[in-house]
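Only one structure is covered here, and it is reproduced in the block below.
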Amino acid sequence: REFECLTMKRARETCDAADGPAGAYNFLQQVPLLKAQLLENLMQATQIDVGEQALMLGMRKYRSHVVVQQAGCMALRELAADKDWVDVIMGLGIRDVVEAMTAHLGDSLMQKIGSKVIWLFAKGDGGNVEGIVDEGGINLVLTSMTAHVGTCRVQMNGCGILSVLAGDQDVAVAIVAAGGIGRVLTAMTAHAQDIGVQHHGCKALSGLLAVTDDETMTKIEAARVIRVVLSAMKEHEGNTRGTPSMKVQQYGCMVLFNIGISDLTLLKRIKDEEGVGVVEAAIKVMDSSRTRFAKSLGQILLGELGSKALNPKTPETVV
């Protein structure tokens, strides 16, 4: 009860102080340090307003001050990292994060912090996906990625968000329609050496391509997917179970299967891009129960790459 009174009092004081934004910033920076007590208060539904006062009042009053928004999102990031509380924090903060990122689209640090918070929200309860989409999360993430192509963590967080959202087929369709596949490919191309971008980029593509057909993706775009994914698999060969490099191989095989299994032209493209050797190498290192499905898809794909339709015999020359 004493902490409840303190948080409300300090939230009001810092937001109404003469140094307004600076006071709010200083207070929000301290929120992660008070994490245990704050979360204990949030357990009581009747006390959620207390947490809202402590976390959000400064952000809402000083939306135009980027350092206040950064501090608020940092506080949310620390709190949302606790899987037991991410859904509670999501209910309090998703709109504020979206508005903060929108108001400061040009600030790369704001985008990096904000996108990480949204990613943590997305990985929480399944209902969070709907909340993120309802608040305009798809367009925000794609816009942020477009504005900060050179910022690796914005790209990784964006691919991570899209990979989670794509688990919902209807949402995946909306992401594809908004240009999500191209945005992921641009991120992977710009940060080819970063294992995080490649891992989550391949994962996002595996979900997005599962709802994509010839009407929504041209052959040129499909060829780009093949080239980028094979490049990622070559660059980050997986040889240790559970590592991000293994994930690149796992999701890479799923992407190549989805894109080439029913199209002879694209299947030939995979072969011409040295895909046989890449897929064979990936299959060899996928030996856990978690990679069994991807391994089976890779094996089917290899069978198709070696099929008679793709490798017609050259007629013998009659002497």
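General remarks:
- Amide proton proximity set for ILE261, modelled H, under 5 Å, gap of 5+: none
- One decimal place: the segment GLU221-LYS61 gains 53.2 nm when fully extended, by the rule 0.36 nm per residue minus the C-alpha distance.
- Ordering GLY137, ILE118, CYS152 by the projection of their Cα atoms onto the charge dipole of region 110-170, which places +1 on the Cβ of Lys and Arg and -1 on the Cβ of Asp and Glu, puts CYS152 at the extreme positive end.
- Fully extending the segment from THR102 to ASP213, taken as 0.36 nm per residue of separation minus the present Cα-Cα distance, adds 36.8 nm.
- Two-site FRET efficiency, THR146 against ALA177, from Cβ-Cβ distance with R₀ of 22 Å, rounded to 0.05: 0.90
- For region 167-269, the spread of Cα coordinates along the three principal axes comes to 37, 30, 23 Å, biggest extent given first.
- Nearest-0.05 FRET efficiency for ASN139 and SER307, computed from C-beta distance (R0 41 Å): 0.50
- Region 138-225, accessible surface, carbon-and-sulfur percent (1.4 angstrom probe): 52 percent
- Take the Cβ atoms of LYS284 and GLU78, set R0 to 51 Å, and the FRET efficiency comes out at 0.80.
- Heavy atoms of the protein chains alone define the surface here; on that basis region 70-185 has 36 Å² accessible area per residue at 1.4 Å probe size.
- Charge context of VAL184, other residues only, Cβ under 12 angstrom, K/R +1, D/E -1: +2
- Note, ³J(HN,Hα) from phi for region 280-293, Karplus 6.51, -1.76, 1.60, rounded to Hz, x at Gly and Pro: 4, 5, 5, 4, 4, 9, 8, 10, 10, 5, 6, 9, 4, 5
- 9 Å beta-carbon shell around GLY160, net charge (K/R +1, D/E -1): +3
- Spin-label pair VAL276-ALA190: with each label point 7 Å from Cα along the Cα-Cβ axis, the two points sit 3.7 nm from one another.
The values are calculated or read from the model by the stated rules, or taken from the named source; none is laboratory data. All of these numbers come straight from a predicted model, not from anything done at the bench. Quick reminder, even Gly has a Cβ in these numbers, built from the backbone with ideal geometry, and neighbours come from all protein chains shown. Ligands, DNA and RNA are stripped out before the accessible areas are found, and what is left, the full protein with its side chains, is counted by its heavy atoms. Shrake-Rupley method; radii C 1.70, N 1.55, O 1.52, S 1.80 Å.
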